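Beneath this line is the structure, given in structure tokens, with notes to follow.
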Amino acid sequence: MTEELHDVRLSVNGTMYEIQVPARRLLSDALRHDLGLTGTHVGCEHGVCGACTILVDGEPMRSCLMFAVSAVDHELTTVEGLTNEDGSLSPVQQAFSECHGLQCGFCTPGFLTTITAGLRDNPTPTHEEARDMIAGNLCRCTGYQNIVKAVERAAVLVDLAEAPAPEAGRRP
Amino acid sequence: MKPAPFEYRRPGTIAEAVAALAGGTESKVLAGGQSLVPLLSMRLAAPALLVDINAIPGLDTIEVEGEDGGVRVGALARHAAVLASPDVRRVQPLVPMALANVAHATIRNRGTTVGSLVHADAAAEMPAVLALLGGSVEVAGPAGRRTISADELFVGPLESSLAHDEIALSAYFPALAPGAGVAFEEIARRHGDYALVGAAALVDGDSVRVGYLSVADVPTVVDLSGVPEAGLGDAALARLEPGDDIHATAEYRAQLVRVLTARVVRSAREHARQSREGRR
Ligand SMILES: Cc1cc2nc3c(=O)[nH]c(=O)nc-3n(C[C@H](O)[C@H](O)[C@H](O)COP(=O)(O)OP(=O)(O)OC[C@H]3O[C@@H](n4cnc5c(N)ncnc54)[C@H](O)[C@@H]3O)c2cc1C
Ligand code: FES
Ligand code: FES
């Protein structure tokens, strides 16, 4: 049996891509295999670890729990789309670098996308709120302490930059 | 960890969606996918056809019905939107109290409250809430529309009384009566995990009722009216048979029922007291 292919148009990081995929293609796999955007990582493939988290219309969602065919009406932002326009690190990325918020880095793309949206919604998180912001993401290396520090540092960097955090594909 | 092949439809109207589900093919509705996609990826389910309802306009509404009416939540209203809605909080505060315990924020951004109800997981928060409040679900099928009350919705583990060719359009949560109080408590391994045991309470005058999750195969409501404070936990246990699984022993669950019952009823009474004082 040859599987039916669907023409799918995906808008990712401001670029429109056209791909042909079977309906069962997970969005995470479409991003990685069909578009070559391997920044999005895949850990558990059932929604638990958060490594595959991307922004869908600016809101964090699990790309392993969506099908590419159902992502057509949305603006998607992956970790590749978080850097500033001049290619320099975004405040959240910069804070991870400064605070040593990663070791192997496998979980990092999911944390970066989640925190980018989290700080947009709450630019001045308390320590508790910073912990809560990352509660849905697993990291097997860092012990989280430096990730929480990175959230707090990123809040300061966003504030210093005076500009609001990148709107990350949020619709007007 | 990849789903088996399936045929995919993305209808633009309810009528088209109902038509797509008609016929003998083994089919599933795709809403938020936060329960269905893991089942497909683990190949615990392998339907021949998936009908994606996400492109149907008008299903993402959250509306208060009439003067003393409750709140109606559309099939595409995401948990996050329901949780953030000031109308829902005002009309039936138990809904956001419980929703805050449903998974993590990222899952709530995509998962739907109606999907969680018809998925009918006895470990899930919202089925227990709908059962306690006596809410209902409106569905559309080949024979037209019908309303299924919470009593008739949950029939077994992960089994609701929707026919395979029916689509849930909305859920109705009755309003909190003036002077009544509600509360929600659960114990989970980690915040955001499914609860080992959870309890929602509704106190209205002398009436005390508690809805339990993760205790039986279906959400279970127990009437504890007239039971003295100290006997609440044991009175509840007399009507429940907590089970064993890999997450907790029956004995531990029984202990959680005792503790949470006392706690949730106390909180609901306090909430009732505050709401009476607030109105004065
Ligand atoms: C990591 C993780 C943790 C979670 N933790 C919790 C938790 O603690 N508590 C909790 O309650 N839930 C939890 N969930 C599940 C989550 O709440 C789901 O969003 C919800 O159970 C199902 O909603 P959905 O819209 O995603 O439905 P889907 O996954 O799309 O569908 C689920 C089922 O319902 C059917 N269905 C859905 N909508 C309709 C409709 N309108 N008409 C007819 N049939 C329909 C589907 O066919 C399918 O069988 C968790 C999920 C994940 C991935
Ligand atoms: S890979 Fe998606 S949550 Fe783990
Ligand atoms: S840095 Fe290795 S998993 Fe988080």
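Yes or no: residue B:114 surrounded by 24 or more Cβ atoms within 10 Å (Cβ to Cβ) and either of a type in the set (Asp, Glu) or in a strand (DSSP E or B) (or both)?
no
Here is a list of conditions, (1) touching a helix residue (DSSP H, G or I) at 6+ places or on another chain (Cβ under 8 Å); (2) open to solvent by 50 Å² or more (accessible area, probe 1.4 Å); (3) within 11 Å of another protein chain (Cβ to nearest Cβ), and residue B:30 meets all of them except one; can you say which number that is?
In the conditions (1) touching a helix residue (DSSP H, G or I) at 6+ places or on another chain (Cβ under 8 Å); (2) open to solvent by 50 Å² or more (accessible area, probe 1.4 Å); (3) within 11 Å of another protein chain (Cβ to nearest Cβ), residue B:30 misses (2) alone.
If residue A:64 meets every condition in (1) assigned to a helix (DSSP H, G or I); (2) out of contact with any Asp or Glu (no Cβ under 6 Å at 6 or more places or on another chain); (3) without any contact (Cβ under 8 Å) to a residue 40 or more places away in the chain; (4) within 10 Å of another protein chain (Cβ to nearest Cβ) apart from one, which number is that one?
(2)
Please enumerate the residues belonging to the range B:197-220 that are among the β-branched types (Val, Ile, Thr) and under 17 Å from residue B:122 (Cα atoms).
Hits for the range B:197-220 are B:197, B:210, B:215, B:218, B:220.
For residue B:106, all conditions in the list (1) within 14 Å of the chain's Cα centre (by Cα); (2) crowded, with 19+ Cβ neighbours inside 10 Å; (3) within 14 Å of chain A (Cβ to nearest Cβ) hold save one; what is the number of the exception?
(1)
In the list B:202, B:240, B:213, which residue meets the criterion of being of a type outside the set (Lys, Arg), buried (at least 23 other Cβ atoms within 10 Å of the Cβ) and more than 15 Å from the chain's Cα centre (by Cα)?
B:202
Exactly one condition in (1) away from every other protein chain (no Cβ under 11 Å); (2) closer than 27 Å to residue B:9 by Cα is false for residue A:72; which is it?
Unmet for residue A:72, out of (1) away from every other protein chain (no Cβ under 11 Å); (2) closer than 27 Å to residue B:9 by Cα: (1).
Looking at (1) more than 14 Å from every other protein chain (Cβ to nearest Cβ); (2) at pLDDT 95 or above, which is the only condition residue B:122 fails?
Here residue B:122 meets the rest and fails (2).
Please work out if residue A:59 is facing chain B (nearest Cβ under 10 Å), charged (D, E, K, R) and under 21 Å from residue B:41 (Cα atoms).
So residue A:59 does not fit the description; no.
Any residue at all in the range B:68-77 that's touching a Lys or Arg at 6+ places or on another chain (Cβ under 8 Å), of a type in the set (Asp, Glu) and either within 14 Å of chain A (Cβ to nearest Cβ) or more than 23 Å from residue B:189 (Cβ to Cβ) (or both)?
Scanning the range B:68-77, I find no residue that is touching a Lys or Arg at 6+ places or on another chain (Cβ under 8 Å), of a type in the set (Asp, Glu) and either within 14 Å of chain A (Cβ to nearest Cβ) or more than 23 Å from residue B:189 (Cβ to Cβ) (or both), so the answer is no.
The values are calculated or read from the model by the stated rules, or taken from the named source; none is laboratory data. All values derive from a computational prediction rather than experimental measurement. Neighbour counts run over all protein chains shown; Cβ positions are idealised from the backbone, glycine included. All accessible areas refer to the heavy atoms of the entire protein, side chains included, with ligands and DNA or RNA removed. Shrake-Rupley method; radii C 1.70, N 1.55, O 1.52, S 1.80 Å.
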